[in-house]
């Protein structure tokens, strides 16, 4: 009977395991194998180059490190601005405010939209030549005409503009997770605090934030993983890497794969290095959170 | 026993009925993979026509956008399950990789049969893109490996109405760089937008820069640079980079051009918000769809030097190749011969506003398309140069021009940067 039960269980998980193996495990193993080769992705012959691809990434490919830096900048803005915004909104919606369900729905609309669509819509909102120039018009209307700017064509502002749109697109996820976390905090704690004379700020600092720490770590890890891998929004907003100012790792990996002389081995090595960077960042975050607890 | 007999009878009956019931299709069906959304409906029409004529079913399968199509073709090549007919989206290096891997049939015997009968119907420059000549640097056996279904030229386009608003004669286009730059100040004064193009996607920057390079230093020196015999910090190359700086300073380039995608550029030009566009002949169909009243003309890029002729990129627009492993390759060849015939080519050209690759079909096309077609006299293309630049060098080159336009770098700085990458790539190639 036990054996039958076990077999039954295996049968249930078999399709998922098969799909996972075919689409994740096998390509992952192949990717590992290809990092050691120079290969155009079409020919049957692959030239063994050992660790030369990694050597090139770490010693010569300044474009790659620039892209890591750009992704880091987007991530930093997302970790701070996006997550603080998401937390504050979740905190507000967790309280007894009017139309809170309406806000919940509204805040979750941006994350479910396609990144390319969001990029193109914001391009239309921001751009003065191709679009409606709404941001600049708004600035002029509220008395700041000197702040009007070509936001997407200036290397000094393009990455920040893209980062802020990325935050707008992504804060809904954080909002949802934070809200779920806030709802798990027992209300008796807040009532006791109120009886003891704690004000809203003290309640937030002494009860909400400490109890929300594991959720914050989870949101932070998800933000890092999502932001570091963003690229579709950039394609939608500026069409590409804009002289390197908006290049991000995924675009560099794609560039290695689809250039006139494609380098699949090199792209795999870039992917592996990038994966390792993400694992290290996530691990550090996890360790910090453990220490904090 | 009875049960066994019943089962046996049932099995035999089903087997026999199954054999009779199965429709035996003697005519093969051909599968074509393509990415041309604007031509899909016409392809389907032509496919029906071909089936009526021959009984052979041709399945045109559309995979768009082109980026996704290019990835699909690669994945299919790796899995050796390419269709009977497909197109390789990429440059000659890519094309050669597919041939080397045995995916593409050499069409030379078919082209040269009956005294070059099929070959002679094409524009030679269109065919050249699909041809590998003896001693080519890709190491491919000489031959013709693809069939151009249309031709493309990439040129400057100007809006006649906006020209008149600027006080310019629409029948007298700027021929020299000086004349072109002078229009920039008029554009700026009128608060209009100048040249629009998909320079956010960079390859079109490369195209215009090459046009200028051919005019400034001639084909031989450009090719010598690709071979590594002339450095990119040569004064002639600095002059090429400087043209972009001059264009930016003059006001002839539209604002935000460096992050513009071609679809947006096409929209701006079609909506009469830009005086000039730099675009390929495919734009005729695009503009027609966006604004059928648009009145525009085609012109060559401005001439910088009188020493060498003006060149533009042109040749085969889209090409089809035949899967060398296909069991239907003879049928596929027959279909392509039919598709390239004068009548089918004219039908394709008229219904999709693309230039036909069959030179005998030209008489039936609209005037604006004919203007693009005349550009074929000035056409060249990286795919016919027999040497190709490293993608890393091209990327540095194009990014550098973007940096010049936004005033971040000088032409000299960009030239030095490109040469540095070129030297590194040459060293790497020599080491291999």
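The values are calculated or read from the model by the stated rules, or taken from the named source; none is laboratory data. Owing to the predicted nature of the structure, the values given are computational and were not obtained by experimental measurement. Note: ideal-geometry Cβ built from the backbone for every residue, glycine included; neighbour counts use all protein chains shown.
Only one residue in B:199, B:237 is assigned by TED's automatic domain parsing to the domain that holds residue B:163, under 23 Å from the mean Cα position of the chain (by Cα) and closer than 15 Å to residue B:404 by Cβ, so which one is that? Criteria check complete, one pass: B:199. Comparison of B:230, B:173 shows that the only residue that is out of contact with any helix residue (DSSP H, G or I) (no Cβ under 8 Å at 6 or more places or on another chain), part of a loop (DSSP other than H, G, I, E, B) and at negative phi is B:173.
Do we have any residue at all in the stretch B:272-279 that's out of contact with any strand residue (DSSP E or B) (no Cβ under 8 Å at 6 or more places or on another chain), more than 29 Å from residue B:83 (Cβ to Cβ) and at pLDDT below 95?
Quick first cut of the stretch B:272-279, residues out of contact with any strand residue (DSSP E or B) (no Cβ under 8 Å at 6 or more places or on another chain) only: none.
No, there is no match, as no residue in the stretch B:272-279 is out of contact with any strand residue (DSSP E or B) (no Cβ under 8 Å at 6 or more places or on another chain), more than 29 Å from residue B:83 (Cβ to Cβ) and at pLDDT below 95.
State yes or no: is residue B:115 more than 14 Å from every other protein chain (Cβ to nearest Cβ) and in a loop (DSSP other than H, G, I, E, B)? When the stated conditions are applied, residue B:115 does not pass them. The set of residues from the stretch B:235-251 being within 14 Å of chain A (Cβ to nearest Cβ) and buried (at least 23 other Cβ atoms within 10 Å of the Cβ) comprises B:241, B:244. Any chance the stretch B:20-30 includes a residue that's modelled with pLDDT of 85 or more, part of a helix (DSSP H, G or I) and over 26 Å from the mean Cα position of the chain (by Cα)? Checking the stretch B:20-30: not a single residue is modelled with pLDDT of 85 or more, part of a helix (DSSP H, G or I) and over 26 Å from the mean Cα position of the chain (by Cα). Out of the stretch B:217-234, which residues are over 16 Å from residue B:425 (Cβ atoms) and surrounded by 22 or more Cβ atoms within 10 Å (Cβ to Cβ)? Passing the criteria: B:217, B:222. For the stretch B:166-189, filtered to residues that are surrounded by 14 or more Cβ atoms within 10 Å (Cβ to Cβ) and free of Cβ contacts under 8 Å to residues at least 60 places away in the same chain, the residue that is nearest to the other protein chains (Cβ to nearest Cβ) is B:186.
Would you confirm whether or not the stretch A:136-152 contains a residue that is free of Cβ contacts under 8 Å to residues at least 24 places away in the same chain and either under 30 Å from residue A:186 (Cα atoms) or under 25 Å from the mean Cα position of the chain (by Cα) (or both)?
Kept after step one, since they are free of Cβ contacts under 8 Å to residues at least 24 places away in the same chain, are these residues of the stretch A:136-152: A:136-150.
From the residues that got through so far, the ones that are either under 30 Å from residue A:186 (Cα atoms) or under 25 Å from the mean Cα position of the chain (by Cα) (or both) too are none.
Scanning the stretch A:136-152 turns up no residue that is free of Cβ contacts under 8 Å to residues at least 24 places away in the same chain and either under 30 Å from residue A:186 (Cα atoms) or under 25 Å from the mean Cα position of the chain (by Cα) (or both).
Which residue, of A:68, A:19, A:57, A:25, is more than 30 Å from residue A:183 (Cα to Cα) and within 14 Å of chain B (Cβ to nearest Cβ)? Before you say what the answer is, go through the steps one by one.
Numbers: A:68 fails: within 14 Å of chain B (Cβ to nearest Cβ); A:19 fails: within 14 Å of chain B (Cβ to nearest Cβ); A:25 fails: within 14 Å of chain B (Cβ to nearest Cβ).
Of the residues listed, the single one that is more than 30 Å from residue A:183 (Cα to Cα) and within 14 Å of chain B (Cβ to nearest Cβ) is A:57.
Restricting the stretch B:106-139 to residues that are touching a helix residue (DSSP H, G or I) at 6+ places or on another chain (Cβ under 7 Å) and surrounded by fewer than 18 Cβ atoms within 10 Å (Cβ to Cβ), the residue that is farthest from residue B:87 (Cα to Cα) is B:112.
Would you mind listing the helices (runs of 4 or more DSSP H) fully within the stretch A:196-293 where at least 3 residues are away from chain B (no Cβ under 12 Å) and surrounded by 19 or more Cβ atoms within 10 Å (Cβ to Cβ)?
On the way: elements: A:200-203, A:209-228, A:232-238, A:249-258, A:264-292.
Because the criterion is at least 3 residues that are away from chain B (no Cβ under 12 Å) and surrounded by 19 or more Cβ atoms within 10 Å (Cβ to Cβ), the helices (runs of 4 or more DSSP H) in the stretch A:196-293 that meet it are A:209-228, A:249-258, A:264-292.
When the residues of the stretch B:252-280 are filtered to those that are assigned to a loop (DSSP other than H, G, I, E, B) and within 11 Å of another protein chain (Cβ to nearest Cβ), the one that is surrounded by the fewest Cβ atoms within 10 Å (Cβ to Cβ) is B:271.
Apart from one condition, residue A:185 fits all of (1) touching a helix residue (DSSP H, G or I) at 6+ places or on another chain (Cβ under 6 Å); (2) assigned to a helix (DSSP H, G or I); (3) more than 14 Å from every other protein chain (Cβ to nearest Cβ); the exception is (2).
Inside the stretch A:34-54, residues that are at pLDDT 90 or above, on the phi < 0 side of the Ramachandran plot and more than 10 Å from chain B (Cβ to nearest Cβ) make up a count of 8. Residues of the stretch A:121-150 that are within 12 Å of chain B (Cβ to nearest Cβ) and either surrounded by fewer than 17 Cβ atoms within 10 Å (Cβ to Cβ) or farther than 24 Å from residue B:275 by Cβ (or both): A:124, A:149.
Of all the numbered requirements in (1) at pLDDT 95 or above; (2) more than 21 Å from the chain's Cα centre (by Cα), residue B:193 misses one, and that requirement is (1). Given the structure, is residue A:82 within 14 Å of chain B (Cβ to nearest Cβ) and within 30 Å of residue A:156 (Cβ to Cβ)? Considered against the rule, which asks whether it is within 14 Å of chain B (Cβ to nearest Cβ) and within 30 Å of residue A:156 (Cβ to Cβ), residue A:82 comes out as no. Residues that are part of a loop (DSSP other than H, G, I, E, B) and free of Cβ contacts under 8 Å to residues at least 60 places away in the same chain occur in the stretch B:126-137; there is at least one.
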